[in-house]
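*Asks:* Can you keep this structure in mind? I'll have questions shortly.
The values are calculated or read from the model by the stated rules, or taken from the named source; none is laboratory data. Just so it is clear, the structure is predicted and the values come from calculations on it, not from any experiment. Cβ: placed from backbone, ideal geometry, glycine included. Neighbour counts: every protein chain shown. Note: areas computed on protein heavy atoms with side chains; ligands, DNA, RNA excluded. Shrake-Rupley method; radii C 1.70, N 1.55, O 1.52, S 1.80 Å.
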Amino acid sequence: MLTPLQLLFSRLDNSKLFQSLIIFVIVISALSVGAHTYELPHWFESTLAMLDTAITVFFLVEIIIRYISTNNFKRFFSQGWNIFDVIIVLGSLIPLAGSTILIARLLRVFRVLRLVSMIPELRMLVNALLKAIPRMGYIALLMFVIFYIYAAVGSMLFTDINETLWRDVSIAMLTLFRIATFEDWTDIMYETMTVHPLSWIYYLSFIFLTAFIFLNMMVGVVLEVMTKESADFALEHQDNDELPATVGQVNELKQQIAELTKLVSQK
């Protein structure tokens, strides 16, 4: 059973005003991190340092409020986003001094990612991306096989033409990645066509496989997972929106039963 303090923290944690305040502080934290990359007057640096301390304390208090309102250690840490927030907040406690200053600043940069954990729509997008990664891994593996085959062939055929681009398999794979991203790939093709006029078949077939087939396969996987996650997200919020209507229907039904009971008793 929740104590009055836990009920208060639970209401505070679920209030839209408090959530909006957290998002505002995260945005201020992001601007503060960006400001540190500029050359600033000493007084402004001191102000940013105090602001950073205040933001760190605010995040720490917010995590404590969320933990107390949960009233369950296992349930709190069973949610990946809570673990992520705790790591970011604890990392922010590292002082900006001494040998740990670089690590502390890097961890403060990642505080911007807390924006993802605070906005449900962004959490849905990240969850969909994480679920799509395993299926995309098989497509990436097949792409690596194709890259390796084409790199081996290109190294055998074109090394004498341009050793810088086709010296060995590893260099050839980098060249193929450049071709797959359409970075001046026609210059590379025309260079080899002066010696091998039919080498255009090599480039066009590679681009067709990587840029059109494999890329669209990855996009298809992401869209499939995204569609499912969007449907689940919409269904969850639809259920929450329909809850007051359902309660109203129950109350209306109770009223009708009471009226019928009154009529029966009058007879």
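*Asks:* Could you tell me the largest-minus-smallest coordinate of the C-alpha atoms of segment 4-118 on each of the three principal axes, in descending order and whole angstroms?
*Replies:* 47, 28, 23
*Asks:* Let me ask something additional. Largest first, please: the extent of the C-alpha atoms of segment 135-241 along each principal axis, to the nearest Å.
*Replies:* Projected onto its principal axes, the Cα set of segment 135-241 covers 68, 21, 18 Å.
*Asks:* Using Cα centres only, tell me the gap between segment 1-47 and segment 75-96 in whole Å.
*Replies:* So the two Cα centres are separated by 14 Å.
*Asks:* What are the ³J(HN,Hα) couplings of segment 179-185, residue after residue, when phi is run through the Karplus curve with 6.51, -1.76, 1.60 and θ = phi - 60°? Round to Hz, x for glycine and proline.
*Replies:* Calculated HN-Hα couplings, in order: 5, 5, 8, 6, 8, 6, 5 Hz.
*Asks:* Could you work out what % of the accessible surface of segment 135-241 is carbon and sulfur, using a 1.4 angstrom probe and leaving DNA, RNA and ligands out of the count?
*Replies:* Roughly 69 percent, rounded to a whole number.
*Asks:* Once Lys and Arg get +1 and Asp and Glu get -1 on their Cβ, which of His42, Thr53, Val25 lies farthest toward the positive end of the dipole of segment 4-118?
*Replies:* Val25
*Asks:* Let me ask something else. Just flag the trypsin sites (Lys or Arg not before Pro) in segment 126-224 sitting in loop per DSSP whose Cβ has no more than 13 other Cβ atoms within 10 Å.
*Replies:* Here no loop site has a sparse enough neighbourhood.
*Asks:* About its Cα centre, what dipole magnitude does segment 135-241 give when the only charges are +1 on Lys and Arg Cβ and -1 on Asp and Glu Cβ, stated in debye to the nearest 20?
*Replies:* About 440 debye.
*Asks:* In whole Hz, with x marking every Gly and Pro, tabulate ³J(HN,Hα) for segment 144-160 from phi via Karplus 6.51 cos²θ - 1.76 cosθ + 1.60, θ = phi - 60°.
*Replies:* 4, 4, 5, 4, 5, 5, 5, 5, 5, 5, x, 5, 5, 8, 10, 4, 5
*Asks:* Taking θ as phi - 60°, what are the ³J(HN,Hα) couplings along segment 219-231 by the Karplus curve (6.51, -1.76, 1.60), each to the nearest whole Hz, with x for Gly and Pro?
*Replies:* 4, x, 5, 4, 5, 5, 5, 5, 5, 5, 5, 5, 5
*Asks:* Now for a separate question. Rounded, prolate or oblate: which fits segment 69-201 when a ≥ b ≥ c are the square roots of the eigenvalues of the alpha-carbon gyration tensor, with rounded for a/c under 1.5 and prolate only if a/b beats b/c?
*Replies:* prolate
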